[in-house]
Structure formats: structure tokens, C-alpha cells
Amino acid sequence: MARMSAEERRESVIRAATTEFARGGYHGTSTEAIARRVGVSQPYLFRLFPGKKAIFLAAAQRCVEESIHTFEEAAEGLEGEEAQHAMANAYTRVIAERPERLMMQMQMYVAVAAAEQEGDHEFGESVRAGWMRLWDTVHVPLGADVKETTTFLAYGMLINCLLGMGFPPEHRVWEGLYPSAKLTGRLEA
């Protein structure tokens, strides 16, 4: 079996960190757990990343980049309502298939709030920059309409919260969402 390069190992750390942080949050996840999941020692982990915060921010950035890619791919060549439904379908499919991405997003927002209260603004700056890239990604296919973009992202956050709280897709709280945002039949877990 071929030995992994440092870049491949970094990638495996980001994947493992996403899973661990999604489950335990920033404060509830140890670098030991991440190292164990990857199969490396903590000292090796810190040769790849300067510390836990850097690992978290790399996982957060990856989460945002994957969401941006999902929306770009879904909306390619589409505009307006067609783009809206394509992006909504793509997003609900991804979070059904990869629930750790949804939970990582939720942990990112919690980590920002906690860090800001502690006087650490790096978390917030990084996550807000990612959010703005995400905003811009959906804004253009939705006709560069601020209201449409806000509504689309608000629905996404509502979906995140409903799933995070464990509301099943058939629950009445889902009834007001537009059809492509509904999860009926998409979640098996």
C-alpha cells in the first residue's frame, strides 16, 4: 500500500475533523479524537495544522466550499425559479446523504457565537466570509434579487434547524416549504 502524502493526510484530517466537530462541536471535540479517527499521532496532526482552531477553520471552509460547489453545479445554465428548485433539490439531497455536513454547518454558527463572546473574532471573520461567498453563489442564479436570495437562504436555515431538532419530513412544520425544499422521501435515517 502506497504511503500518503502530507496533502492527502491533510485531506483525511479535514474529513475526520468534519465528522468529529459535527458530532461534538468545537469545544466538545478533542484533537486526540481527530488524530485517532485519521490513524495518526497528535504530534503528527500538529505538523499538518498549527492547532485545533486551524483544523476547525479548515473543516468549516471545506464545508462552505462543498455547499458552494453543490449550488454552482445545480444552478449551472439555469436562472430564477428553475435555479431555485435545482439548488434546493441538490442541497436537500446532500444533507440527506451527508448529515455531517449539515451538523458541521450548525456547529460553525455555534462556534462563532462562543468565540465572539470570548473576544476571538477570527472564527466569525472566516465563517462570515464563507457565508458571503455562499450568498453570492446563489444570488446571481436567482436573478440577483436580494429578496429571492434572502428567502432562499432563510429556507435553507429553516431546513437546517428543523433537521437539527429532529423533525421528521412528514411533520406539519414542513408543510409551508416550497416543494423542492421538502424532504419527504429523501431521509432514510
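The values are calculated or read from the model by the stated rules, or taken from the named source; none is laboratory data. The shown structure was predicted, so the numbers you read here are calculated from the model rather than taken from an experiment. Here the Cβ is made from the backbone with ideal geometry for all residues, glycine too, and neighbour counts use every protein chain on show. Only protein heavy atoms, including side chains, enter the accessible area calculation; ligands, DNA and RNA are left aside. Shrake-Rupley method; radii C 1.70, N 1.55, O 1.52, S 1.80 Å.
So how many residues does the stretch 116-150 have that are among the aliphatic types (A, V, I, L, M) and either free of Cβ contacts under 8 Å to residues at least 40 places away in the same chain or open to solvent by 90 Å² or more (accessible area, probe 1.4 Å) (or both)?
Going through the stretch 116-150 one residue at a time, the tally reaches 5.
Mind listing just one residue for me: the one in the stretch 30-42 that is of a type outside the set (S, T, N, Q) and within 11 Å of residue 17 (Cα to Cα) and, of those, surrounded by the most Cβ atoms within 10 Å (Cβ to Cβ)?
Among them, the one singled out is 34.
For residue 97, are the conditions met, namely being loosely packed, with under 13 Cβ neighbours inside 10 Å and closer than 25 Å to residue 150 by Cβ?
Answer is no for this residue.
Here is a check on your reading of the model: is residue 15 over 20 Å from residue 124 (Cβ atoms) and surrounded by fewer than 14 Cβ atoms within 10 Å (Cβ to Cβ)?
When the stated conditions are applied, residue 15 does not pass them.
I need the full set of residues from the stretch 18-29 which are among the small types (Gly, Ala, Ser) and open to solvent by 20 Å² or more (accessible area, probe 1.4 Å), in order please.
Selection gives 24, 28.
From (1) at pLDDT 95 or above; (2) open to solvent by less than 20 Å² (accessible area, probe 1.4 Å); (3) part of a helix (DSSP H, G or I), pick out the condition that doesn't hold for residue 45.
Status for residue 45: all satisfied but (1).
Starting from the stretch 1-27, take each residue that is at positive phi and list its partners that are open to solvent by 30 Å² or more (accessible area, probe 1.4 Å) and of a type in the set (S, T, N, Q), counting only C-beta distances under 7 angstrom and pairs at least six apart or across chains.
25/107
Test of understanding: among 122, 81, 116, 100, which residue is of a type outside the set (A, V, I, L, M, F, W, C) and more than 30 Å from residue 28 (Cβ to Cβ)?
81
Within the group 30, 5, which residue is in contact with an Asp or Glu (Cβ under 9 Å, 6 or more places away or on another chain) and hydroxyl-bearing (Ser, Thr, Tyr)?
Testing whether each residue is in contact with an Asp or Glu (Cβ under 9 Å, 6 or more places away or on another chain) and hydroxyl-bearing (Ser, Thr, Tyr) leaves just 30.
Go through the residues of the stretch 49-56 one by one and say whether even a single one is closer than 19 Å to residue 112 by Cα, assigned to a helix (DSSP H, G or I) and within 14 Å of the chain's Cα centre (by Cα).
Yes.
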